[in-house]
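Working notes, beginning with the structure itself.
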Amino acid sequence: MAFSNFIPEIWSARLLDHMDKVHVYANLMNRDYEGDIKSYGDTVHINLLGEITINDYSGSDISDPEELDSTQQNLEIDKAKYFNFMVKDIDNAQSNPKLVDAAMVRASYNMNDVIDQYLASLLLAGTATANVLYSDTTVITPTSANAYDYLVDLGVKLSECNVPMYGRWVVVPPWYHGLLLKDDRFVGNGTGYNQAVLQGGLVGEAAGFQIHLSNNVPNTSGTKYKIIAGTAAAGAYAEQLVELEAYRVEKNFSDAVKGLHVYGAKVLHSTGLAVITANKS
């Protein structure tokens, strides 16, 4: 009998906790709908409210209430990934948090890496055409003197689209972060790689953005990096670990763990995103 001390809820919690720590793009999107996921193929319905009219008040009776105008978008849970690994002497591992954590950290990190690459591509493809600055045909090569200024350009574009200042983010590759560190206008969030990992990639603030660091910034063979900025309202993401099982490996003297992770994402407001294309100097 496999894993007499195996507790799926404990392992699930460890996996998802570690995924939250290393997610970058996923944690920058609206994740309010995750409780609605039951399995792969589910559809989450998202209601987007229209504008509300502001009227003058003169002391007399006010007008009848207006009916809220809402549109519904569907978030399809259409992606699924799994892991399947063996752990020897599982009973001992279950009582040893360090071994359990090590296995779940590796599974969650690799799962996260795949998902964040997908989300980066999704956000890029969903950005309004008018909000793509310095495209493949007008690539910029930032320096320590102007890397901050290009972030200002992203902020201006978002402001022109009435995107709120609160909660703005931008994701940069390590080399761009290095340029910002040489500019006094950049407010760093501690030093070292560990700080970035603990805060889900957050490394500081600049030009009205929270700056997040990621190696998954879309690029073409180390060039034409797509630096994406936006707010959580621009897109929605939902994920769920729907299956986690322990079993005995038939052709081996080992116990194993397998898990099924489902997720889906969608850009809701294309003008809530902006992109610049930059080459490493």
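Miscellaneous remarks
- Filtered residues of segment 260-281 (kept if of a type in the set (Gly, Ala, Ser), surrounded by 18 or more Cβ atoms within 10 Å (Cβ to Cβ) and over 26 Å from residue 45 (Cα atoms)): 278
- Count - residues of segment 128-173 that are assigned to a helix (DSSP H, G or I) and closer than 21 Å to residue 27 by Cα: 4
- Strands (runs of 3 or more DSSP E) contained entirely in segment 197-281, each with at least 3 residues that are farther than 29 Å from residue 178 by Cβ: 235-248, 255-267
- Taking each residue of segment 230-256 that is among the small types (Gly, Ala, Ser) and looking for partners that are surrounded by fewer than 16 Cβ atoms within 10 Å (Cβ to Cβ) and at pLDDT 85 or above with beta-carbon atoms closer than 9 Å, six or more apart or interchain, yields 232/167; 233/164; 233/167; 246/258; 256/84.
- Hits in segment 200-234 (condition: more than 22 Å from residue 279 (Cα to Cα) and touching a Lys or Arg at 6+ places or on another chain (Cβ under 7 Å)): 200, 208, 231
- Selection within segment 235-258 - crowded, with 21+ Cβ neighbours inside 10 Å and in contact with a Lys or Arg (Cβ under 9 Å, 6 or more places away or on another chain): 235, 236, 237, 238, 239, 240, 255
- Going through (1) outside any helix (DSSP H, G or I); (2) of a type in the set (Ser, Thr, Tyr); (3) crowded, with 21+ Cβ neighbours inside 10 Å one by one, residue 176 falls short only on (1).
- Failed item, numbered, when residue 142 is tested on (1) under 10 Å from residue 275 (Cα atoms); (2) surrounded by 15 or more Cβ atoms within 10 Å (Cβ to Cβ): (1)
- Hits in segment 99-127 (condition: modelled with pLDDT under 90 and either among the small types (Gly, Ala, Ser) or not in a helix (DSSP H, G or I) (or both)): 102, 103, 107, 108
- Restricting the first member to segment 148-172 and to residues that are over 12 Å from residue 232 (Cα atoms) and in the same structural domain as residue 183 (by TED's automatic domain parsing), and the second to residues that are modelled with pLDDT under 95 and polar (S, T, N, Q), the beta-carbon pairs closer than 7 Å and six or more apart or on different chains are 171/214.
The values are calculated or read from the model by the stated rules, or taken from the named source; none is laboratory data. Keep in mind that what you see is a predicted model, and the values were worked out from it rather than measured. No Cβ is skipped: glycine too gets one built from the backbone with ideal geometry, and neighbour counts run over all protein chains shown.
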